[in-house]
1. Hey, if you drop one equal point scatterer on each alpha-carbon of the range 71-113 and run the Debye formula without solvent, what base-10 log of I(q)/I(0) do you get at q = 0.14, 0.21, 0.30, 0.34 Å⁻¹?
2. Okay, which of the range 1-38 sit inside 14 Å, backbone N to the point 7 Å along the Cα-Cβ direction of residue 74?
3. Using only Cα atoms and rounding to the nearest 10 degrees, what angle (0 to 90) does helix 58-74 make with the longest principal axis of the chain?
4. Can you compute the modelled spin-label distance between residue 94 and residue 18, with each label point 7 Å from Cα toward Cβ, in nm?
5. For the range 5-104, count the residues as N, evaluate 2.2 N^0.38 Å, and divide the Cα radius of gyration by that value, please.
């Protein structure tokens, strides 16, 4: 099976601007940012999409959100940030590997999309 883009980044086959890394995830700056701060928080375990996650992924998925909170403090996002998880082609999922978008430093609109 072919590695996803994120698996190749995790394996250091493709360079990335890393903001955080631990034994469970890596956080990188998006190369096509949609906000002044746009960080992707990616689990090292390849889960194709949120809807395919299992019960055994619960702690890992929670960890991704805790890392988002840590990054918000580190990056000085005290005015707010948005978390986005795309699931499937209609949600603009471009890489079939769960990841959390952390977006900040611009006014977000509602509803999104």
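All of the numbers you see were taken from the coordinates with simple rules; none came from a lab. Everything numeric here is computed off the predicted structure, so don't read it as measured data. Please note: Cβ atoms are built from the backbone with ideal geometry, for glycine as well, and neighbour counts cover all protein chains shown.
1. So the normalised log intensities are -0.40, -0.78, -1.07, -1.19.
2. Under cut-off, by backbone N: 17-30, 38.
3. 40
4. The two pseudo-label positions are separated by 2.3 nm.
5. Values: Rg = 12.8 Å, N = 100, 2.2 N^0.38 = 12.7 Å.
Here the Cα radius of gyration is 1.01 times the empirical estimate.
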